[in-house]
Structure formats: structure tokens, C-alpha cells
Amino acid sequence: MRFETAAIHSDGGPDPAYGAIVLPIYQTSTFVFEDVGKTKGYDYSRSGNPTRKALEDTIAVLEGGKAGFAFATGMAAETTVIHLLKQGEHVIAQQDLYGGTYRLFESVMKCFGLEFTFVNMGNRNEIEAAIKPNTRMIWIETISNPLLNVVDVDMVAGIARKHGLLTVADNTLPSPYLLRPLDHGIDLVVHSTTKYLNGHCDVVGGAVVTATDELSEKVQFLLNAMGTCASPFDCWLVLRGIKTLPVRMEQHNKNAMSVAAFLEKHPRVKRVYYPGLKSHPGYRFARKLMKGCGGMVSFEMKGRVRAVNSFLRNVKVFSLAESLGGIDSLAEHPATMSHASMPESFRVKVGITNDLIRLSIGLEHVDDLIEDLEQALKRA
Ligand SMILES: Cc1ncc(COP(=O)(O)O)c(C=O)c1O
């Protein structure tokens, strides 16, 4: 099946009970045994649930993996995956990561004896120089949040193979519609399904997709042992969102490209970050690896913090809010919002400056978006 068809038909439907074309929400904590030691496939919803399974199977098909797992949030998915490691082991992580991932590593997992080195994932020498005898994992964001760097997944998977390391790719920003990291040799994909997979700003969720049966067993064990799974209702919402992922992504790509081109020419704008622009360092890899450049655009304003605040106060179609990847266009200030948990010196060193604004370009008419940006930039 092609991607568009698989997005609609990978949920195992229609429902075997009554033929409902939309899978029901199995809102149940437990399942009655047929006999002692005999179930109909499920025993308790933490371990497994039919609505969750439909979502998990769909995400696994779309990412081209062995198995999928649905979690309560993207952070729950990440927390579960990092528990594949043991005390004393070392992770090489991308330096320009989502702030919550940085916080999980630096402020939580470090206390349990994991070690982290943050590197520029565009620099092979830097990655290889960071490898130590206790290194076990490389963690990347395929398109980074918020600088939108595009990682050469072939290069990272090659380094990992050579040194026997596990690779984890946070594929939230492109979604499997634009890029499938497992096809390039990555071992585990993580998602915040809160973003493009659900796409409607009405649920928080996460997912993991594995490349091997061995990893699938380990992730299922951790999900059940740690209780990080998603609820049936949230799974149902994400599953519904996924059915329109291809058409939404096409429109996000188009709208974001137009917004990026508009901002690049605007006199109040210092620099635009969008991998569809030739001026962006991710342009070459975006063309090589991806089916489009996605819906996120970041930019730096001239005039520093006062101008940034005024812009954010004056947008009208865009909303000042965290999150991304939904139908609604959102604007946010990474330094004080999504990346506030990074120490300022580290954040600025990796390029997430105080003047940076991140836009999640939604599915409104692009002329309304550009007119809104124009008026807010004029007043800033
Ligand atoms: C790239 C990326 N990964 C993971 C997360 C965490 O996901 P959640 O907010 O669903 O826990 C986010 C949230 O913004 C994100 O942008």
C-alpha cells in the first residue's frame, strides 16, 4: 500500500464486532478472561489495548518498523527509550534539541548515572571524537527544534554501525510522511504525536517505532513496567489525525515555504531558518532525504527583545503558544518558552538566541498568515 492508503487502512478495521468502519474506543481498564489462563488477546489496558494497538500498528507501518508503541506524551516515549540504557553508560546527543529532551537528559537521567555529551550532529569529526568506551547511544532530531537543522541520518547511522551504538531519531518535525529514519539504518524512532501525527492541537501523546524484534520486546517490557502508555481515547484521536497526515503535510510544506520566502525578504528580519531556503545549512540534506521541508519556520528579528515581545503581542491569526504541528498557526519564543530549561549560555552557544521566534505554520489561508506577520512586524 502507498503511504496515503496505509495511513487510512493500517488500523485493522473495520471492527470485527459490528463492522464499524471507525474503530471503537475500547475505554476499559481490564478484559474478562475466557478461562483460567486464557484471554481473547488482552488482559489489562496497561499491557495492551485494542485501540492502542490499532494506533501502534499504523505508526509502525508508516515508519517502516517492526512494531509501534503509543505513550502518554512524547516525553513518556523518550523516558521509556532512555531506560534501555544502564547506569554508567554514555549518550551522544544533538546539541540543538527540544528543550524538554535536554532537561530530561541533564536534570533527570544524569542523576541516575547516565552521561551525556552534546555535539553538533552536522560534524562527523565531533561525533566520532565524543565516542568513549562506555558510549551506547546516539540521539538525534531528524529536523531539529527550533533551528530546523536537517541531520544526515545516513552519516549518523554509519558511524553508529561502525562503533556498535544504538541510534534514536526524534522524527516529530518531519513525520514519516517526509522522512523515514529506519529506512536509513536508524534503530528507534520517537515521536511527540502531539504534533503532526495528531495534528489538531487536541491531544498530547508519544510513540516509539523499533527496527528489530529484540528492541520491540525491550520497549514493550519497559512500557508495561513503567506504565508510560497512552490512554485509549488519546490513541483514537491520534489515529483519526493520522488518516489526513499526507494532505496536511503537503499544505504545511506549501504554507511554510511561502512564509519563509516572505520573511527572508522582510527588512525587519535578520535571519530565517527554513530548510527549504538555499540560505539554510539544512537545504542540501532536506533535498537529499525529505519529501518536503515541513511546517516549521524560525527567524531572528532586528531590534532585539523589545521587538520580539512586541511582535508576539501583536500577532492575531497566529497564537502565542507552545507546541507545533497542528492546524492552528502558533508563534513562540524559544528562549522563554520551549527552550527555557536550557541554561542561557548553552542555548546561545548552540544558536538558540534571545531574538529567535519559532513559528508553527498551520493550515489557514497563507495570505491571512502573511498579512498577519506583516502587520505584527510593522508594529514591532
Ligand atoms: C521535537 C520534540 N520532541 C519531543 C517533544 C515532547 O513531546 P510532548 O510535549 O508530547 O511530551 C516535543 C515537544 O514539544 C518536541 O518538539
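Does segment 209-292 come out rounded, prolate or oblate by the C-alpha gyration tensor, with a ≥ b ≥ c the root eigenvalues, rounded set by a/c under 1.5 and, if not, prolate when a/b is larger than b/c and oblate if not? It is prolate, given that a/c is not under 1.5 and a/b is the larger ratio. Extension gain, ASP43-ASP15: 0.36 nm per intervening residue step, less the Cα-Cα distance, totals 8.2 nm.
Solvent-accessible surface of protein heavy atoms, probed at 1.4 angstrom with all chains present, puts HIS365, HIS200 in the order HIS365, HIS200, largest first. Give me the distance between the Cα centres of segment 1-49 and segment 297-326, rounded to whole Å. A separation of 42 Å, based on Cα centres.
Indicate the gyration tensor shape class of the chain (rounded, prolate or oblate), computed on the Cα atoms with a ≥ b ≥ c the square roots of the eigenvalues: a/c under 1.5 is rounded; otherwise a/b larger than b/c is prolate and the rest oblate. Oblate shape, in that a/c is at least 1.5 and b/c is the bigger or equal ratio.
Taking every C-alpha pair closer than 8 Å and separated by at least 6 residues, the mean separation divided by the residue count of segment 156-272 gives a relative contact order of 20 percent. The GluC sites (Glu not before Pro) found in segment 1-96 that occupy coil by DSSP, while having at most 11 further C-beta atoms within 10 Å, are GLU34.
Oblate is the label for segment 278-318, because the ratio a/c of its alpha-carbon gyration tensor axes (a ≥ b ≥ c) is 1.5 or higher and a/b is not greater than b/c. Compared with the direct C-alpha span, the chain from ILE8 to PHE112 gains 33.3 nm at full extension, assuming 0.36 nm per residue. Here the relative contact order of segment 63-145, from alpha carbon pairs under 8 Å that lie six or more residues apart, stands at 37 percent. The order of MET337, MET137 by accessible area, most exposed first and with a 1.4 Å probe, is MET337, MET137. Along the chain, the exposed loop sites are chymotrypsin sites (Phe, Trp or Tyr not before Pro) outside DSSP states H, G, I, E and B with at most 11 other Cβ atoms within 10 Å, and the longest stretch free of them is 34-380.
Within the chain, DSSP assigns beta bridges of which about 60% are antiparallel (rounded to the nearest 5).
Between the helical axis of 304-314 and the dominant principal axis of the chain, each derived from Cα atoms, what acute angle in degrees is found, rounded to the nearest 10? Around 70 degrees separate the two axes. Accessible area per residue (1.4 Å probe, heavy atoms of protein chains only) ranks ASP96, ASP202 as ASP202, ASP96, with the largest value leading. Rounded to the nearest 20, the Cβ-based charge dipole of segment 90-217 about its Cα centre (Lys and Arg +1, Asp and Glu -1) stands at 220 debye.
Computed on the chain, with alpha-carbon pairs under 8 angstrom and 6+ residues apart, the relative contact order is 17 percent.
The values are calculated or read from the model by the stated rules, or taken from the named source; none is laboratory data. A quick note: this is a predicted structure, and the numbers were derived from the prediction, not measured. We place every Cβ from the backbone using ideal geometry, glycine too, and count neighbours over all the protein chains shown. Surface areas here come from the heavy atoms of the whole protein model, side chains and all, with no ligands, DNA or RNA. Shrake-Rupley method; radii C 1.70, N 1.55, O 1.52, S 1.80 Å.
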